[in-house]
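Written out below as structure tokens is the structure these notes cover.
The values are calculated or read from the model by the stated rules, or taken from the named source; none is laboratory data. For clarity, every value in this text was computed on a predicted model and none was experimentally measured. Here the Cβ is made from the backbone with ideal geometry for all residues, glycine too, and neighbour counts use every protein chain on show. Side chains included, ligands, DNA and RNA excluded: accessible areas come from the protein's heavy atoms. Shrake-Rupley method; radii C 1.70, N 1.55, O 1.52, S 1.80 Å.
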Amino acid sequence: MDGSRDGGGAPGWGMGARRVAVLTGAGISTDSGIPDFRGPQGVWTRNPGAQQLFTYQAYVSDPAVRRRSWQARRDHPALRAEPNAAHRALAELASSAIDTWIITQNIDGLHQKAGTPAERVIEVHGTMFGVVCVSCGDRSPIAGALSRVEAGEEDPDCPRCGGILKSATVMFGQPLDPGVFARAEQAAQRCGLFLAIGSTLTVEPAASLCGVAVASGAALVIVNAGPTPYDGLATEVIREPIGTAVPRIARQLLG
């Protein structure tokens with residue numbers, strides 16, 4: 001169903017929505033200059049081998065992969081990216097009287113940078129702004145490790161125990177943090193409206209939150225350029241560009 005209608009009134013699925021959960025994927029950040037992964041110009045579309053940098057077993061077993069990963073982190077566009085209109089619209093929604101939770105598959109921190117209260121953002125895949133030691137679990141901001149890379153260290157180790165450092169993100173082959181995902185499931189179960197924005201909905205278990213929300217009685221609205229496996233469950237599927245669709249949806253819900 002095409003949701004390109006305009007106007008100030010909320011569509012049926014948005015009427016009286018008091019609890020909203022939003023799942024965001026890489027597509028919401030492309031307008032901020034951060035490429036997605038699976039789109040036509042996606043990181044893995046253009047360079048399938050790049051996925052190795054995000055695979056836990058390859059990372060911990062191969063120093064060459066770690067060296068490449070640290071160079072990629074140092075040059076990551078998210079370090080300099082600014083929130084776009086969609087991030088700002090969701091921040092306005094999360095700061096309103098509508099009980100709003102942002103569940104994000106992204107690691108770029110742009111929801112918080114846009115003004116969404118940090119306690120309202122559930123980062124199911126972690127954050128690129130921290131590092132963690134795979135041996136002792138010590139955590140610290142990534143800035144310190146990147147400074148060491150700038151100074152010439154190709155694969156900085158843990159200053160506490162000498163173990164392997166990685167970004168505080170969930171790599172392929174790593175389980176999600178069960179406590180974080182439990183919070184995401186609770187948000188999906190309690191909402192009356194579930195928005196899935198800029199996600200191909202192919203990465204599980206995050207995508208399964210769409211089904212959790214629908215099973216709990218919520219309306220599912222998908223905003224994505226291409227088809228997803230959950231389109232058949234959706235009350236509405238919106239193909240309009242995210243940068244215009246999300247601000248309009250936020251205005252309608254707030255209006």
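Evaluation of Ala78 against the conditions (1) at pLDDT 95 or above; (2) assigned to a helix (DSSP H, G or I); (3) open to solvent by less than 30 Å² (accessible area, probe 1.4 Å) shows that the sole unmet condition is (1).
For the range 183-217, the set of residues classified as part of a loop (DSSP other than H, G, I, E, B) and either among the aromatic types (Phe, Trp, Tyr) or free of Cβ contacts under 8 Å to residues at least 12 places away in the same chain (or both) consists of Glu204 only.
Filtering the range 222-247 to residues that are more than 11 Å from Leu23 (Cβ to Cβ), in contact with a Gly (Cβ under 9 Å, 6 or more places away or on another chain) and in contact (Cβ under 8 Å) with a residue 24 or more places away in the chain leaves Ala225, Gly226, Thr235, Glu236, Val237, Ile238, Arg239, Glu240, Ile242, Ala245, Val246. Entry remark, the range 38-75: residues being basic (Lys, Arg), open to solvent by less than 30 Å² (accessible area, probe 1.4 Å) and at pLDDT 95 or above number 1 in total. Residues of the range 192-244 that are open to solvent by less than 20 Å² (accessible area, probe 1.4 Å), among the β-branched types (Val, Ile, Thr) and closer than 21 Å to Leu176 by Cα: Ile197 alone. The listed residues are Ala182, Ala196, and the only one of them that is closer than 19 Å to Gly25 by Cα, among the small types (Gly, Ala, Ser) and in contact with a Cys (Cβ under 7 Å, 6 or more places away or on another chain) turns out to be Ala196. Among the conditions (1) under 18 Å from Val124 (Cα atoms); (2) in contact with a helix residue (DSSP H, G or I) (Cβ under 8 Å, 6 or more places away or on another chain), the only one that Leu233 does not satisfy is (1).
Annotation for the range 5-20: at least one member residue is modelled with pLDDT of 95 or more and either of a type in the set (Asp, Glu) or open to solvent by less than 10 Å² (accessible area, probe 1.4 Å) (or both). Quick check on the range 193-215. Is at least one of its residues more than 19 Å from the chain's Cα centre (by Cα), closer than 24 Å to His125 by Cα and of a type outside the set (Lys, Arg)? Yes: the range 193-215 contains one or more residues that are more than 19 Å from the chain's Cα centre (by Cα), closer than 24 Å to His125 by Cα and of a type outside the set (Lys, Arg). Of note, Ser29 satisfies the criterion of being surrounded by 13 or more Cβ atoms within 10 Å (Cβ to Cβ) and either at pLDDT below 90 or part of a helix (DSSP H, G or I) (or both). Please go through the range 104-153 and pick out each residue that is open to solvent by 40 Å² or more (accessible area, probe 1.4 Å), assigned to a loop (DSSP other than H, G, I, E, B) and polar (S, T, N, Q). Ser135 - this is the single residue of the range 104-153 that is open to solvent by 40 Å² or more (accessible area, probe 1.4 Å), assigned to a loop (DSSP other than H, G, I, E, B) and polar (S, T, N, Q).
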